[in-house]
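Engineer: Following this message is one structure expressed as structure tokens.
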Amino acid sequence: MKATHLACKGCGATYPLEALFACDRCFGPLEVGWDESEPVARDRIAAGPQTLWRFADFLPVAPPDRGLPVGCSPLIRADRLAAELGLDCELYVKTETSNPTHSFKDRVVAVAAAKAVELGYGALACASTGNLAGATAAAGAALGLPAYIFVPADLEREKIIAAAAYGATVFAVDGSYDDVNRLCSELAYDRPWAFVNVNMRAYYAEGSKTIALETAEQLGWRAPDRVVAPIASGSLYTKILQGFEQGRAAGLIEPGPAPVMHGSQGEGCAPVAAAFAAGDDAVVPVRPTGIAKSLAIGNPADGVYALGVARRTGGSIEPASDAEIVEGMQLLARTTGIFTETAGGVTTAVLRKLAERGEIEAGETVVVYITGDGLKTVEAVAPAVETIAIPADADAVDAALAEPIAT
Ligand SMILES: Cc1ncc(COP(=O)(O)O)c(C=O)c1O
Ligand SMILES: [Zn+2]
């Protein structure tokens, strides 16, 4: 495995491995091109660090000598969740809450920040729907680089405050994520900042492959039969498939069919799910609403590629309503002990729909990606949970327990 160039996903034009964010010819998105001819030995991965840099052979930048310990998140068997959904399969949740800023975004930032340092940048920046803000701010703090963070002003407080606590300069922009993204594209032209998901986007995206490679290693170098993952821009979802495919090309993962890829979006911002349902090849931008704010990208950069992944693997891209998302968060928490943010509520809700439709066959290995932590979106679930107010008195405990439980 060797990163050789940047390639335009639209017209195929190639460019050197520099900080570029769009094709000069057609303005299409760029991605890293790979020479996949060299196999990678399993021993080499096993001897690597307990971070995503154990998969350095699949990353477009050498492992840095500084930075936060990102990756190697747990893959947890979820038998009680499977039983509750009537599933007779091997069900796992890959739980990204163990990363330094509690979401999978630490992976993409680790790779983009390493590349930014290699290219000589003196500052990090990002346009964020929430989790990227904290991940970029923390990486800047760990590397001693200033970080400029741009978020829509209506994000969850927890996400904005955490980013600021790392010492980053946080701009709460009056507008949607898509407005923030436009602003950052303009700023990236003439500021000497490495915008992790704008001019560093091709490198950033590669970080998401490590979530798939790790999953395969944890399954004993097998790919799952089926995957459920969230979609905002569509980058994570498409890169999960590429991670499994490159693991196979490198001889690490046993040969077999590609995993059936299910994507999930909040109903308040489901442009890719809508295009999938309509059988369209184009994604029509929407104005986001709803509680799944971390997935609220109305004009997703990789939406059309996500459609291709779903269709090519026999998967689907499906929406979950706000009520279903909250139910999903509670279902996961109650059956696995993992409290996820709204994005994980979306994937859990879509898992439930697949189970109810009977799409998941007995004996399959299924992995659900839980990409962020519930403590960042407590307000979403607050109206659905109850606590009991009592005086510090044992009789009051008994009296409360004797009352019928409200359902
Ligand atoms: C928790 C969480 N999950 C999933 C995603 C989806 O990421 P992508 O833009 O790669 O589709 C995001 C994006 O912000 C996120 O914050
Ligand atoms: Zn092009």
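The values are calculated or read from the model by the stated rules, or taken from the named source; none is laboratory data. Bear in mind that the values here come from a model prediction, so they are computed numbers and not experimental data. Note: ideal-geometry Cβ built from the backbone for every residue, glycine included; neighbour counts use all protein chains shown.
Engineer: Mind checking which pairs have a first residue in region 14-39 that is farther than 23 Å from R248 by Cα and a second that is of a type in the set (V, I, T) and more than 10 Å from ligand 2 (Cβ to nearest atom), Cβ under 8 Å, 6 or more apart or different chains?
Structural biologist: Final answer for the pair search is L17/T4; L17/V32; F21/V198.
Engineer: Condition first: in contact with a Ser or Thr (Cβ under 6 Å, 6 or more places away or on another chain) and of a type in the set (V, I, T). Can you find one or more residues in region 176-184 that meet it?
Structural biologist: Taking every residue of region 176-184 in turn, none turns out to be in contact with a Ser or Thr (Cβ under 6 Å, 6 or more places away or on another chain) and of a type in the set (V, I, T).
Engineer: OK, next. Working only within region 312-329, note down all residues that are assigned to a helix (DSSP H, G or I) and either in contact with a helix residue (DSSP H, G or I) (Cβ under 8 Å, 6 or more places away or on another chain) or acidic (D, E) (or both). Before the answer, list the steps.
Structural biologist: First, the residues of region 312-329 that are assigned to a helix (DSSP H, G or I): 312, 322-329.
Selection gives D322, E324, I325, V326, E327, G328, M329.
Engineer: Counting residues that are basic (K, R) and either touching a Pro at 6+ places or on another chain (Cβ under 7 Å) or modelled with pLDDT of 95 or more (or both), which strands (runs of 3 or more DSSP E) fully inside region 163-267 reach at least 1? I'd like the intermediate steps shown before the answer.
Structural biologist: Details: elements: 169-173, 226-230, 260-266.
Qualifying strands (runs of 3 or more DSSP E): 226-230.
Engineer: Here's a follow-up. Hey, can you tell me all the residues within region 27-40 that are surrounded by fewer than 15 Cβ atoms within 10 Å (Cβ to Cβ) and within 16 Å of ligand 2 (Cβ to nearest atom)?
Structural biologist: F27
Engineer: Taking region 45-83 as the region of interest, how many residues are farther than 24 Å from L119 by Cα, in a helix (DSSP H, G or I) and not acidic (D, E)?
Structural biologist: 6
Engineer: While we're here: Go through region 110-128 and give me each residue that's within 15 Å of ligand 1 (Cβ to nearest atom) and in contact with a Leu (Cβ under 7 Å, 6 or more places away or on another chain). Give the steps one after another, and end with the answer.
Structural biologist: If we filter region 110-128 for residues that are within 15 Å of ligand 1 (Cβ to nearest atom), which is where we start, we get 110-112, 126-128.
Result: A110, V111, C126.
Engineer: Right, something else. Which one of these is assigned by TED's automatic domain parsing to the domain that holds E267 and touching a residue at least 12 places away in the same chain (Cβ under 8 Å): A333, A323?
Structural biologist: Details: A323 fails: touching a residue at least 12 places away in the same chain (Cβ under 8 Å).
Just a single option satisfies the conditions, and that option is A333.
Engineer: May I pose another question? Answer with yes or no whether V346 is surrounded by 12 or more Cβ atoms within 10 Å (Cβ to Cβ), within 20 Å of the chain's Cα centre (by Cα), modelled with pLDDT of 95 or more and not aromatic (F, W, Y). Show your work before the answer.
Structural biologist: Working: surrounded by 12 or more Cβ atoms within 10 Å (Cβ to Cβ): yes; within 20 Å of the chain's Cα centre (by Cα): yes; modelled with pLDDT of 95 or more: yes; not aromatic (F, W, Y): yes.
It is true that V346 is surrounded by 12 or more Cβ atoms within 10 Å (Cβ to Cβ), within 20 Å of the chain's Cα centre (by Cα), modelled with pLDDT of 95 or more and not aromatic (F, W, Y).
Engineer: Quick one: which residue in D43, D24 is surrounded by fewer than 16 Cβ atoms within 10 Å (Cβ to Cβ), under 19 Å from G220 (Cβ atoms) and out of contact with any Ser or Thr (no Cβ under 8 Å at 6 or more places or on another chain)? Outline the logic, then answer.
Structural biologist: Working: D24 fails: under 19 Å from G220 (Cβ atoms).
One residue alone meets the criteria, D43.
Engineer: Looking at region 84-94, is at least one residue assigned by TED's automatic domain parsing to the domain that holds A137, in a helix (DSSP H, G or I) and over 11 Å from G207 (Cβ atoms)? Reasoning before the result, please.
Structural biologist: Here is the first cut: in region 84-94, the ones assigned by TED's automatic domain parsing to the domain that holds A137 are none.
For region 84-94, residues assigned by TED's automatic domain parsing to the domain that holds A137, in a helix (DSSP H, G or I) and over 11 Å from G207 (Cβ atoms): absent.
Engineer: Would you pick out the residues in region 6-55 that are under 28 Å from P69 (Cα atoms), acidic (D, E) and away from ligand 1 (no atom under 16 Å from the Cβ)? Walk me through how you get there before you give the answer.
Structural biologist: Filtering region 6-55 for residues under 28 Å from P69 (Cα atoms) gives 6, 17-21, 30-36, 38-55.
Filter once more, keeping what is acidic (D, E): 18, 31, 35-36, 38, 43.
E18, D35, E36, E38, D43, listed by residue number.
Engineer: Let me ask another. Across region 146-197, what is the total count of residues that are surrounded by fewer than 20 Cβ atoms within 10 Å (Cβ to Cβ) and among the aromatic types (F, W, Y)?
Structural biologist: So the answer is 2.
Engineer: Can you say whether Y203 is within 22 Å of C72 (Cα to Cα) and of a type in the set (F, W, Y), as far as the supplied structure shows?
Structural biologist: Answer is yes for this residue.
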